[in-house]
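Encoded as structure tokens, the structure appears first; notes follow it.
The values are calculated or read from the model by the stated rules, or taken from the named source; none is laboratory data. Remember, predicted model here, so these are calculated numbers, not experimental data. Note that we place each Cβ from the backbone using ideal geometry, even for glycine, and neighbour counts take in every protein chain shown. Keep in mind that these areas ignore ligands, DNA and RNA; they rest on the heavy atoms of the full protein, side chains included. Shrake-Rupley method; radii C 1.70, N 1.55, O 1.52, S 1.80 Å.
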Amino acid sequence: MIHAFGALADAGAEIADKNNFQDTIKTSLHLLLGSLGIMRGGIARYSRYESEMTMIAIRGLGEEFPLALGLCYEDERQFRQNGTYPIEVSQAKVLPFFQVYDRSLENAKVELVVPLVIRGEMLGAVFLGEKASGEAYNSYDREIIRAMSRHIGVAISHRMLLAELERKAEENRKLYDEMRLTYKDTVRAFAAAIDSKDKYTEGHSVRVGKYTEIIASELGWSDDEVEGAAVAGYLHDVGKLTVERKIINAPYRINAKESSELNRHPSVGYEILLPIHHPYSDVPLAAKYHHERLDGRGYPEGLYDREIPYIAKIVNLADSFDAMTTDRPYKRRRPPKEVFDDLTRNAGKQFAPELVSALFRGILREAAGENTEKRFRRLLGREYMETEGLIPMLKSSLNNIGGVQSISVISLD
Ligand SMILES: [Fe+2]
């Protein structure tokens, strides 16, 4: 008997997953029947929403026994009041439940019904048939039945709480995902708004977002960090929204006054982005410092290497790379060799060398067919990526920067 109680107590801990729960309830029924020598029985779980009890474990009650039993309000109220005391079927005819299921209970030889009431809540019921010995249930049996039923009730209660918790967690996850999507959409819409101001650089912000994302992932950043980096790229030029359209689109070299107006855009962008709650905190800093250079010759503050936030260095490279590889009012886009040479030459001056390496590595991995996502192909065009000698060019550039060591996947001969 004590063993049976111990086993029931252990069962409570094993209900964490749904399948375990089913097994636990079945085991509980067998323990209860076995420990008192009861011929047959069953356990039902009650759903308040459906006003119905569903059998979740059954033994020897016969095929005719209903698997779902309806309960009216009066039944539920009485059961709740009764608590886990065993109810003698033969003496409980007043309740609608016993009138409705009179025949079924009789055919199945059910003698006792024990409502499972935990903390005043009706959770189900245990149905018990006759004892194998043919004796009537005595008060000692009833005490045991009551105690064991409480264990079963607690197991059901835990399972229901857990299911509710899982449902809420799932709901929260969905809400979070939706919010993330909304945020992403908003960011993209902003990027499109920024780009629409500049007729020569259509899609620039979006591309910078994507290059930033690629460089961050080449650096081995986590998914969240990569996503944050992409946002920083998308929004880096948001300050341009306040710069006059004619300055941005000037088809001539702008004068000093216009230039200082244009050069305000990093600080203005920072001011715009700062009050917004970003899931990634560096977004405003990326806007503010994306025109700084390692050698201190950038703007607005002329910061040196270590003073520049890392994300701003990435965006700066992505920004420059896009400027070199797209057509501008006076300039056609530059061929790969020139772009790679320029970036290599400026590694350590304008750009952080390891970032240039990361960018080259990304292109190289795609050109060599190691990365099949075709991200650069979509951004630069197929022709550009199929330039003759692209792979050796990249390898030699990587060699010159000293970034070759970090490539382990591609063998460089
Ligand atoms: Fe900019």
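Scanning the range 89-109 for residues that are at negative phi, surrounded by 14 or more Cβ atoms within 10 Å (Cβ to Cβ) and touching a residue at least 24 places away in the same chain (Cβ under 8 Å) returns 89, 96, 97, 100, 101, 104, 108.
Flag: residue 192 does not match the condition of being away from the ligand (no atom under 15 Å from the Cβ), more than 19 Å from residue 265 (Cα to Cα) and either open to solvent by less than 80 Å² (accessible area, probe 1.4 Å) or in the same structural domain as residue 286 (by TED's automatic domain parsing) (or both).
Looking at the range 165-177, can you tell me whether even one residue there is surrounded by fewer than 17 Cβ atoms within 10 Å (Cβ to Cβ), over 30 Å from residue 43 (Cα atoms) and in contact (Cβ under 8 Å) with a residue 24 or more places away in the chain? No: zero hits. With the requirement that a residue be of a type outside the set (Ser, Thr, Tyr) and without any contact (Cβ under 8 Å) to a residue 40 or more places away in the chain, what does the range 190-208 give you? Across the range 190-208, the qualifying residues are 192, 195, 202, 203, 206. In this structure, residue 181 does not satisfy being within 13 Å of the ligand (Cβ to nearest atom), farther than 18 Å from residue 322 by Cβ, among the aliphatic types (A, V, I, L, M) and part of a helix (DSSP H, G or I). Filtered by the rule that a residue be polar (S, T, N, Q) and either in contact with a Lys or Arg (Cβ under 7 Å, 6 or more places away or on another chain) or part of a loop (DSSP other than H, G, I, E, B) (or both), the range 349-401 gives 350, 371, 372, 387. Could you say whether any residue in the range 126-142 is touching a Phe, Trp or Tyr at 6+ places or on another chain (Cβ under 7 Å), among the small types (Gly, Ala, Ser) and open to solvent by 20 Å² or more (accessible area, probe 1.4 Å)? So far as the range 126-142 goes, no, none of its residues is touching a Phe, Trp or Tyr at 6+ places or on another chain (Cβ under 7 Å), among the small types (Gly, Ala, Ser) and open to solvent by 20 Å² or more (accessible area, probe 1.4 Å). Please tell me if residue 333 is away from the ligand (no atom under 16 Å from the Cβ) and within 22 Å of residue 222 (Cα to Cα). No. Taken as a whole, the structure leaves residue 119 outside the set of residues that are touching a strand residue (DSSP E or B) at 6+ places or on another chain (Cβ under 8 Å), charged (D, E, K, R), under 20 Å from residue 149 (Cα atoms) and touching a residue at least 12 places away in the same chain (Cβ under 8 Å). Residues of the range 211-225 that are away from the ligand (no atom under 16 Å from the Cβ) and part of a helix (DSSP H, G or I): 213, 214, 215, 216, 217, 218, 223, 224, 225. Residues in the range 19-39: is at least one of a type outside the set (Lys, Arg), at pLDDT 85 or above, surrounded by 12 or more Cβ atoms within 10 Å (Cβ to Cβ) and in a strand (DSSP E or B)? Yes.
Confirm whether residue 337 is under 14 Å from residue 291 (Cα atoms), over 36 Å from the mean Cα position of the chain (by Cα), among the charged types (D, E, K, R) and open to solvent by 40 Å² or more (accessible area, probe 1.4 Å). Judged against the criteria, residue 337 is not a match.
If we scan the range 166-187, do we find a residue that is in contact with a helix residue (DSSP H, G or I) (Cβ under 7 Å, 6 or more places away or on another chain) and at pLDDT 90 or above?
Taking every residue of the range 166-187 in turn, at least one turns out to be in contact with a helix residue (DSSP H, G or I) (Cβ under 7 Å, 6 or more places away or on another chain) and at pLDDT 90 or above.
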